[in-house]
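Worksheet for the structure shown next.
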Amino acid sequence: MQKLGIVADDLTGATTTGVLLARSKSRTAVFFNGQAAKEAEGLDELQSVIISTSSRALSSESAYNEVAAATEALKNMGTKHFSKRIDTTLRGGVGVEIDAMMDTIGNDVIAIVVPSMPQSRRIVVGGYSIIDSVSLIRTPVAQDVRTPVTENYVPKLLSKQSRRKVGLVKLGTVLKGPKAIAQKLLSKRESGCEIIVVDAVSIEDVEAIARACVQLFWNVLAVDPGAFTAKLAYCRGLVQTEAPDVPTETLDGQGKTILITAGSATPVTKHQMEVLCEDPRHVRISIDPLQLIEGGVAGEAETNRAIAQAISLLEQDQPPRAILLETALHGILLDLDKEDSDRGYGMGQSAEMINAYLGKIVKGILDAKREQIAGLYCTGGDTEVNVCRALGVQWLEVVDYVIAQTDIGRLTGEYAGIPIIGKGGLTGNDTIVLDIVDRLFKEATRK
């Protein structure tokens, strides 16, 4: 089986693409970095390999180097087809990372950029990115603290970041079908474009673009949030038709507990967790983020307190159905940039310390009461990475999703088999966490 290799700029993005392939009957692994992928063994049964470079907020030079190294690792695994997973809101150095992959792949590669994710109401029309019927630059992501997006026109955004010529195929051509798309792509390439953005508003549009690429027999680097990569793999005959994979049994009501780690501080996450905690079977453990940021004795004391409180809850005659560990959903929301400045930390160090301690808390609870924990749920990609790092997990095998961008995987290594779900902070409706808890109880029955 020819391997499909994907480089993603963060973990939640990696799993978003991975579950689309897993649902299409492709055994898929998500690695947390290129080194982990190089050192892993027993990968022969995998059809798809995804490497997260955690490069979204890095400098252009650092992001280029990380992505180039991950691409080289995939080449050494025998990868035949490559994709660059990008954020649905185009955060980070997308153009720089495309250049890194194209330079490393070589062989007359052409980048086809389809930034649409119709399943999540992310579309592109006339080259402009539209998020849930709102122009990208008018969404909260435009004010993202670390990676703000100030350009709505995708070809211009990429041209500012890449040294290659960028072209655009508009929706009018896409609606005419694969043959018209192929002709326009060929015309753009003949005019010197090496990166070509293509409009799409539906999953049918995305599939039509994929069929056009197959007709051209090009060495295509797919650049997208996941939908185009999955459709291109399907049109190439690498995967089957996408379908859900939901266990029929559940461990709900059998004395097991779901452990939730909330690292995202968005208003959406806060409201979702408030809905969760309306059920008295779901218990909140509030953790003081200032103690974690302080580190040292203070950080360890707060960590041990949270672990002890969770263990006490699990030892009750009727343990909680779910335990929520949170640092930013109570009290006053901290300005983490100010905390960094006040303490003389580097940018982002306070956030990293909070997430690292949350990972230690999860490990402490699992080590004491592993048999009682049916599954893990993490909000925010950085939180999921730190939980997995604390558990010594180098890669996940992805399985399915609850909804798009709320992805299900299984831990490997010492904690192999425990299901884990990751979700971005802006994803889902008011009751999504209830659905996640229900699904984890089902996933815990999977052999």
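Tabulated results
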item	result
Wholly within segment 7-120, helices (runs of 4 or more DSSP H) carrying at least 3 residues that are surrounded by 22 or more Cβ atoms within 10 Å (Cβ to Cβ)	11-22, 60-76, 94-105
Enumeration of residues in segment 403-417 that are crowded, with 22+ Cβ neighbours inside 10 Å and farther than 15 Å from Thr28 by Cα	Gln405, Thr406
Test result for Asp400, outside any helix (DSSP H, G or I), touching a Pro at 6+ places or on another chain (Cβ under 7 Å), open to solvent by less than 10 Å² (accessible area, probe 1.4 Å) and not polar (S, T, N, Q)	yes
Verdict on Pro244 being open to solvent by 70 Å² or more (accessible area, probe 1.4 Å), touching a residue at least 24 places away in the same chain (Cβ under 8 Å) and not in a helix (DSSP H, G or I)	yes
Test result for Ser286, closer than 21 Å to Val385 by Cα, among the polar types (S, T, N, Q) and open to solvent by less than 30 Å² (accessible area, probe 1.4 Å)	no
Unique match (being modelled with pLDDT of 95 or more and buried (at least 16 other Cβ atoms within 10 Å of the Cβ)) among Leu136, Leu168	Leu168
Among the residues listed as Arg146, Arg211, Arg189, the single one being open to solvent by 20 Å² or more (accessible area, probe 1.4 Å), closer than 30 Å to Glu397 by Cα and outside any loop (DSSP other than H, G, I, E, B)	Arg211
Residue within segment 355-377 that is more than 26 Å from Glu39 (Cα to Cα), at pLDDT below 95 and in contact with a strand residue (DSSP E or B) (Cβ under 6 Å, 6 or more places away or on another chain) present	no
Top-ranked residue in segment 365-396 [being open to solvent by less than 20 Å² (accessible area, probe 1.4 Å) and over 21 Å from the mean Cα position of the chain (by Cα); ranked as nearest to Pro319 (Cα to Cα)]	Ile373
Count - residues of segment 298-351 that are open to solvent by 30 Å² or more (accessible area, probe 1.4 Å), of a type in the set (Gly, Ala, Ser), assigned to a loop (DSSP other than H, G, I, E, B) and farther than 30 Å from Leu440 by Cα	2
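The values are calculated or read from the model by the stated rules, or taken from the named source; none is laboratory data. This one's a predicted model, so the numbers in the text were calculated from it and none came from an experiment. Here Cβ is always computed from backbone atoms with ideal geometry, including for glycine, and neighbour counts include all displayed protein chains. For the accessible areas, the whole protein counts, side chains as well, though only heavy atoms, and no ligand, DNA or RNA atoms are used. Shrake-Rupley method; radii C 1.70, N 1.55, O 1.52, S 1.80 Å.
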